[in-house]
Every structure is written in structure tokens, then in C-alpha cells.
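Comments concern the structure below.
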Amino acid sequence: MNRTATSSQQSGSLHRFANPARFLRLAQAVFPWSAGAMALCIAAGLYLGLFVAPPDYQQGESVRIMYVHVPAAWMALFVYANMALASASLLIWRHPLAGLIAKASAPVGTAFTFLALFTGSLWGKPMWGTWWVWDARLTSVLILFFIYLGHMALINAFENPERGQKAAAVLTLVGVVNLPIIKFSVDWWNTLHQPASVTRIGTPAIHSSMLWPLLLMALGFTFYYVTVLILRLRAEMLASRLRAMNRLAAEEG
Amino acid sequence: MEGGISEFFAMGGYAAFVWPSYAVSGLVLAGLFFVSWRELTRRQALLDRLQAAAPHRRRKPKDPERT
Amino acid sequence: MSGGGAPIRSVVARDLRLALRQRSDILTIVLFFALTASLFPFALGPYPDLLQRVAPGVIWVTALLAVLLSLERLFLADYEDGSLELLALSPLPLEAIVLAKTFAHWLTTGLPLTAATPLIALLYDMPASGLAVLLAAMILGTPSLSLIGSIGAALALGARRGGVLIPLLVLPLYVPILIFGVAAVDAALSDLAARPHLLLLAALLAVALPTAAFAGAAALRQAVE
């Protein structure tokens with residue numbers, strides 16, 4: 001059963017690894033590389049961001065917060081997008097690993113969303129003079145944070161783990177409409193938050209000495225997601241084996 | 001890099017904003033990593049204990065490709 | 001689908017009959033709305049300017065909370081006595097059933113709340129221009145509250161502590177309705193155009209209808225499987 005590989009990392013290639021044992025072997029092989037790449041990229045990004053990149057003309061040294069804030073915000077959206085793909089995979093094609101991927105990703109996405117809000121607040125205070133402002137982008141990111149929390153609460157609210165995964169999948173897909181709102185809110189509404197300067201078509205409106213640490217941190221965070229995802233997926237699969245063993249033991253009395 | 005170490009740590013007066021940002025980010029991400037790691041090793045240890053205690057049962061082989 | 005209208009109407013009629021049998025439930029919700037909205041002048045102080053400024057927000061939030069309280073029983077009774085399984089097996093599509101039950105829910109929550117709003121607006125000395133827009137916004141907004149709420153109610157069926165779970169799931173999705181509902185009234189009170197905000201509320205309703213139908217039906221299927 002071959003599906004053409006799409007830009008998503010879920011549909012095509014993962015079908016070959018629907019077999020849990022095979023997937024585990026792949027995960028175990030990938031793990032040290034992912035962890036190593038994570039450490040390298042983050043170390044390089046931190047070095048460039050804290051020591052090499054120049055201070056900003058207007059914002060001075062506070063611009064260095066950007067090197068954690070922006071990658072964290074990107075990851076908050078990226079992880080959710082992955083969860084949405086996994087949820088669709090679970091509900092439409094009943095992909096056996098999809099539910100676990102969504103469940104394992106949620107804490108990572110929640111952490112990045114929290115960091116985006118927290119570092120954003122610390123960046124906003126010297127820049128705008130306030131810890132918080134109810135503009136379109138901040139409000140929708142806060143909503144994203146609550147959707148993540150709701151997802152985790154829902155997935156754990158059922159005795160049957162599969163029911164929890166499927167219910168959370170529906171919730172994730174309903175909340176996906178939040179993503180374009182977050183992305184485009186700074187364009188649609190006159191907000192305090194600055195518009196996009198990296199992902200514009202054409203040259204990014206940001207100097208390369210600042211772009212490199214930004215991209216390296218983003219890459220490092222992505223490897224972090226993969227690394228932690230592998231850890232949590234393996235833990236989930238162990239948990240279901242332990243549950244199955246408990247059931248067997250209970251049946252034998 | 002100009003100036004001394006103290007100037008670096010002062011971050012042009014923004015130290016109170018920059019360093020907590022990095023510190024909290026590091027703590028949260030490292031914390032999540034270690035919690036996930038610990039959960040995995042705990043469950044693995046539990047599984048090993050249970051398999052050592054009980055005779056290993058043969059389970060029906062799972063279908064290799066399940067869609 | 002011939003005769004498709006009659007079964008839907010019968011679902012709505014049945015839900016309405018059940019709701020009206022417990023007329024006290026509707027009254028309770030309206031009373032909760034009125035009492036909670038009346039708390040704020042005591043808490044904030046009897047300052048007319050302040051109360052006029054907070055009125056749109058307070059009225060919207062208390063109406064929203066009143067709807068939230070009523071969500072748990074949207075599907076629960078049918079789930080517990082098995083009628084939900086029968087409905088799922090009927091030839092009527094589950095999506096239509098969700099919409100029918102949500103419509104009945106709105107008739108017993110959002111509509112009475114909107115009807116009670118003029119009295120509350122009086123307490124806050126809201127000018128007529130603001131009240132007119134507020135009522136229009138609530139007519140457009142409260143159905144969306146029932147629709148989005150039905151998704152949460154369906155997802156939480158059979159969950160531990162479903163009553164606490166539903167607000168957690170539903171409140172983040174309620175925020176846009178709240179924002180535009182209040183903005184419309186604020187605009188009208190400042191002699192600005194309320195129409196863009198009302199149009200956005202209408203657009204939210206248009207999006208909520210298919211979303212609630214499909215997501216609610218999917219959630220109900222999971223609950224009865």
C-alpha cells in the first residue's frame with residue numbers, strides 16, 4: 001500500500017512503520033542522532049544569539065529574547081499542525097500510531113506555547129511598556145494554550161485510552177481554525193505585535209547575523225520535539241503493553 | 001565581543017528580561033525532557049521486573065502491516 | 001431524502017417537550033443570568049458611568065456562563081437511558097440530530113436569555129441604541145454558543161468529571177463570539193459602525209453550523225460505540 005509522500009511527515013512514510021515493533025526500532029536508531037543534532041543546533045544558536053549577533057538599533061540587547069521567543073512560537077504552531085495531521089490520520093484512516101503521536105506531542109506543544117507567551121511578555125515590557133496586551137495575536141496564542149490544556153485533559157478523562165485519543169482528535173481538528181488566525185492576525189487587524197519579517201516572499205527583512213541564530217534555534221527546537229516525541233512514544237507503547245499484561249493477569253486471577 | 005563579563009551580564013540594562021527568558025526556557029524544556037526520560041525508564045524497569053517474575057508467555061504474532 | 005423534514009422536526013419537538021416539562025430549568029437559567037448580572041453593581045459600586053462601560057461585557061459573560069451551565073444535559077439524559085444509541089441507529093443522519101437538538105437547546109437557553117436582556121440592560125442604564133445592537137448580537141451569537149457547546153457536551157460523554165471538562169473544552173472556542181459580541185455594542189455606544197462586528201458574528205455562526213454538525217456527530221459516534 002503505497003501513498004505518495006506529501007509534505008507532511010505523517011501520511012506516506014509512516015504507513016510502512018505502522019507496525020509498532022518496526023517503528024520502535026526506527027525510533028531507537030534515530031534517537032541519538034536527533035538528540036545530538038538538538039544539542040549542536042541549540043548550542044550554536046545560543047552562541048551566535050548571545051555573543052555574535054549585534055544588538056538592535058532600537059531595542060538594544062533586549063532583542064536577544066527573540067532567539068527563544070520566535071522559535072518557541074513557531075514550534076507552538078508546528079506541533080499543533082502535526083497533532084492535527086495525526087488526528088485526521090486517526091479518524092479517517094485509523095492509523096494505529098496516530099493517536100499516540102498526538103498524545104505524545106501535546107506536552108511539547110504546550111511547553112512551547114507557554115514559553116512563547118512568557119518570553120513574549122518579558123520582551124513586550126521593555127518594548128511596549130506593558131506585560132500583556134489583548135491584541136489579536138496574543139489573544140489567539142492564549143486560546144491555543146488553553147486548547148492544548150483541554151486536549152490533555154480530554155485525552156486522560158476516559159477509562160478507555162482509545163476513546164480519549166479519538167475524542168481529543170476531534171477537539172484538535174475543531175481548534176485547527178485557530179492556526180491561520182494566529183498566523184494572519186497581525187495582517188488582518190491593526191495590532192501591537194509586529195508583522196512577519198522572516199516568512200515574507202522574497203528576502204527576509206532581517207539581517208543575516210540575526211537570521212542565523214534564529215534559524216539554528218528553530219532547527220534545534222525541532223530536533224528537541226523529535227527527541228522528546230520518541231521518548232514519550234516509547235513510554236506510551238510500554239504503557240499499553242503493561243496494561244495488556246495487567247488485563248491478562250487479572251483474567252487469570 | 002566588547003566590554004567585560006559584567007557588561008555582558010548586564011545586557012545593556014535589559015538583564016532582568018533577557019536572562020529569565022533564557023533561564024525559564026531552559027528549565028521548562030530540560031524539565032520536560034527529563035520527566036519524559038524518567039517515565040520511559042520507569043516503565044521499562046517495571047516491564048523488565050514483571051517479565052522476570054512471570055514465565056514469559058508466547059503472544060500471538062502481530063500482523064506486520066496493519067492499516 | 002423524502003420526508004426528511006418530519007423526523008428532524010420530531011426530534012426538535014421531542015426535545016422541546018422534554019425541556020418544557022421541566023420549565024423550571026429554563027427559569028433557573030434565566031434567574032442565574034439575572035442574579036449574576038445583578039451582582040456586579042454591588043461589587044463595583046453604584047457608579048453610573050462605570051456600570052454603563054462594563055454593561056456589554058458583563059451581560060455577555062453572564063449569558064455565556066448561563067449557557068455553559070446548561071450544556072451538560074444536552075446529550076446526557078439520552079446517553080444514559082440509551083435513546084442516543086437508538087438515534088444513532090436511525091436512518092436520520094447523526095449530523096442532523098445534533099443540529100436539531102442544538103436548535104432545541106437554543107430555544108430553551110439563548111432565546112430566553114436574549115428575551116431577559118432588556119431588563120438587565122435597564123439595571124445598567126444602557127441607552128436604547130446600545131440595547132438594539134446588543135439584542136441583534138445575542139440573536140446572532142447565542143446560537144453559536146449552543147452549537148460550539150454541543151461539541152464539548154458530546155466529547156465529554158462518558159468522561160470522568162464531564163461537568164468540569166466541558167467548560168475547559170468550550171470556553172477557548174467561545175472567546176471570539178464574546179469579543180465580537182461586546183465590540184458590536186461598544187461600537188454602537190460610541191456612534192461607530194456596529195455592522196462589521198455583527199457580520200463577523202454571522203460569519204462565526206455560519207462556520208459553527210457545519211463544524212458542530214460534523215464534530216458533534218463524530219463525538220456522539222465515539223460515545224455510543
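The values are calculated or read from the model by the stated rules, or taken from the named source; none is laboratory data. No experiment lies behind these values; they were computed from the predicted model shown. Quick reminder, even Gly has a Cβ in these numbers, built from the backbone with ideal geometry, and neighbours come from all protein chains shown.
Against the condition on the phi < 0 side of the Ramachandran plot and more than 9 Å from every other protein chain (Cβ to nearest Cβ), how does residue A:86 come out, does it pass? So residue A:86 passes the test. All conditions but one from (1) touching a residue at least 40 places away in the same chain (Cβ under 8 Å); (2) farther than 28 Å from residue A:152 by Cβ; (3) among the hydrophobic types (A, V, I, L, M, F, W, C) apply to residue C:135; the one that does not is (1). For the range A:202-249, enumerate the residues that are more than 28 Å from residue A:38 (Cα to Cα) and within 13 Å of chain B (Cβ to nearest Cβ). Residues satisfying the conditions are A:240, A:241, A:242, A:243, A:244, A:245, A:246, A:247, A:248, A:249.
If I ask for residues that are more than 9 Å from chain B (Cβ to nearest Cβ) and more than 17 Å from the chain's Cα centre (by Cα), which ones from the range A:89-119 would you list? Listed by number, the residues that qualify are A:89, A:90, A:91, A:92, A:97. Among the hydrophobic types (A, V, I, L, M, F, W, C) and either surrounded by fewer than 16 Cβ atoms within 10 Å (Cβ to Cβ) or under 29 Å from residue C:220 (Cβ atoms) (or both): does that describe residue C:29? Judged against the criteria, residue C:29 is a match. Within the range C:119-175, the residues that satisfy the criterion of being farther than 17 Å from residue C:222 by Cα and polar (S, T, N, Q) are C:129, C:142, C:144, C:146.
Here is a yes/no grid of residues against (1) within 13 Å of another protein chain (Cβ to nearest Cβ); (2) closer than 26 Å to residue C:77 by Cβ; (3) of a type outside the set (Val, Ile, Thr); (4) touching a residue at least 60 places away in the same chain (Cβ under 8 Å):
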{"position": "C:158", "(1), (2), (3), (4)": "yes, yes, yes, yes"}
{"position": "C:161", "(1), (2), (3), (4)": "yes, yes, yes, no"}
{"position": "C:165", "(1), (2), (3), (4)": "yes, yes, yes, no"}
{"position": "C:168", "(1), (2), (3), (4)": "yes, yes, yes, no"}
{"position": "C:178", "(1), (2), (3), (4)": "yes, no, yes, yes"}
{"position": "C:185", "(1), (2), (3), (4)": "no, no, no, yes"}
{"position": "C:193", "(1), (2), (3), (4)": "no, no, yes, no"}
{"position": "C:208", "(1), (2), (3), (4)": "yes, yes, yes, yes"}
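Any residue at all in the range A:120-136 that's facing chain C (nearest Cβ under 10 Å), farther than 25 Å from residue B:37 by Cβ, in a helix (DSSP H, G or I) and hydroxyl-bearing (Ser, Thr, Tyr)? First the steps, then the outcome.
Initial filter on the range A:120-136 (facing chain C (nearest Cβ under 10 Å)): A:134, A:136.
Add one more test, that the residue is farther than 25 Å from residue B:37 by Cβ, and what stays is A:134, A:136.
Within this subset, residues satisfying the condition of being in a helix (DSSP H, G or I) are A:136.
Those left that are additionally hydroxyl-bearing (Ser, Thr, Tyr): none.
Scanning the range A:120-136 turns up no residue that is facing chain C (nearest Cβ under 10 Å), farther than 25 Å from residue B:37 by Cβ, in a helix (DSSP H, G or I) and hydroxyl-bearing (Ser, Thr, Tyr).
Taking the condition of a type in the set (Gly, Ala, Ser) and under 19 Å from residue C:28 (Cα atoms), does residue C:104 pass? Yes.
Looking at A:201, A:206, just one residue is surrounded by fewer than 16 Cβ atoms within 10 Å (Cβ to Cβ), at pLDDT below 85 and touching a Leu at 6+ places or on another chain (Cβ under 9 Å), and that residue is A:206.
Would you check if residue C:199 is in a helix (DSSP H, G or I) and closer than 24 Å to residue C:75 by Cα? Please lay out each step first, then the result.
Working: in a helix (DSSP H, G or I): yes; closer than 24 Å to residue C:75 by Cα: no.
It is false that residue C:199 is in a helix (DSSP H, G or I) and closer than 24 Å to residue C:75 by Cα.
Test residue B:24 against the criterion of being facing chain A (nearest Cβ under 8 Å), over 11 Å from the mean Cα position of the chain (by Cα) and modelled with pLDDT of 95 or more, and give yes or no. In short, yes. Looking at the range C:142-164, can you tell me whether even one residue there is buried (at least 24 other Cβ atoms within 10 Å of the Cβ), modelled with pLDDT of 95 or more, out of contact with any Leu (no Cβ under 9 Å at 6 or more places or on another chain) and closer than 24 Å to residue C:179 by Cα? No, the conditions are met nowhere in the range C:142-164. Residues in the range A:137-168 that are more than 9 Å from chain C (Cβ to nearest Cβ) and among the aliphatic types (A, V, I, L, M): A:138, A:141, A:152, A:155. Once the range C:195-206 is narrowed to residues that are within 12 Å of chain A (Cβ to nearest Cβ) and buried (at least 17 other Cβ atoms within 10 Å of the Cβ), the residue that is nearest to residue A:170 (Cα to Cα) is C:204. Based on what the data block shows, is residue A:62 touching a residue at least 40 places away in the same chain (Cβ under 8 Å), surrounded by 23 or more Cβ atoms within 10 Å (Cβ to Cβ), more than 12 Å from chain B (Cβ to nearest Cβ) and among the polar types (S, T, N, Q)? No; evaluated as a whole, the condition is false for this residue. Are any of the residues in the range A:38-57 modelled with pLDDT of 55 or more, within 12 Å of chain B (Cβ to nearest Cβ) and more than 30 Å from residue B:21 (Cα to Cα)? Looking for residues that are modelled with pLDDT of 55 or more, within 12 Å of chain B (Cβ to nearest Cβ) and more than 30 Å from residue B:21 (Cα to Cα), one finds none in the range A:38-57, hence no.
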